[in-house]
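*Asks:* Pasting in a structure now, in structure tokens, and then I'll have a few things to ask.
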């Protein structure tokens, strides 16, 4: 982990296109940061990111479980049995 010290209104640059600026330091130790990044970057608080990752893992597990289930049996209509429209089905 890289540890940097910044003062009010000082910034760091990440990968040449993300700028993080210290906007405010409160008495309670809370720091407000401003982040400038291209719109295609998704920026989340870490606790929210962890929640999103967990939801994604759960969705993947559900999808994997569903695909592992045996396929449902298909009803086959015997030849010459009337179809719902009233006609006969001949193949």
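*Asks:* Among the candidates 39, 27, 6, which residue alone is modelled with pLDDT under 95 and in a loop (DSSP other than H, G, I, E, B)? Spell out how you get there, then give the answer.
*Replies:* Numbers: 39 fails: modelled with pLDDT under 95; 6 fails: modelled with pLDDT under 95.
Testing whether each residue is modelled with pLDDT under 95 and in a loop (DSSP other than H, G, I, E, B) leaves just 27.
*Asks:* Applying the selection to the stretch 9-24, what residues are in a strand (DSSP E or B) and on the phi > 0 side of the Ramachandran plot?
*Replies:* Of all residues in the stretch 9-24, those in a strand (DSSP E or B) come to 11-14, 18-24.
Within the stretch 9-24, no residue meets the criteria.
The values are calculated or read from the model by the stated rules, or taken from the named source; none is laboratory data. All of these numbers come straight from a predicted model, not from anything done at the bench.
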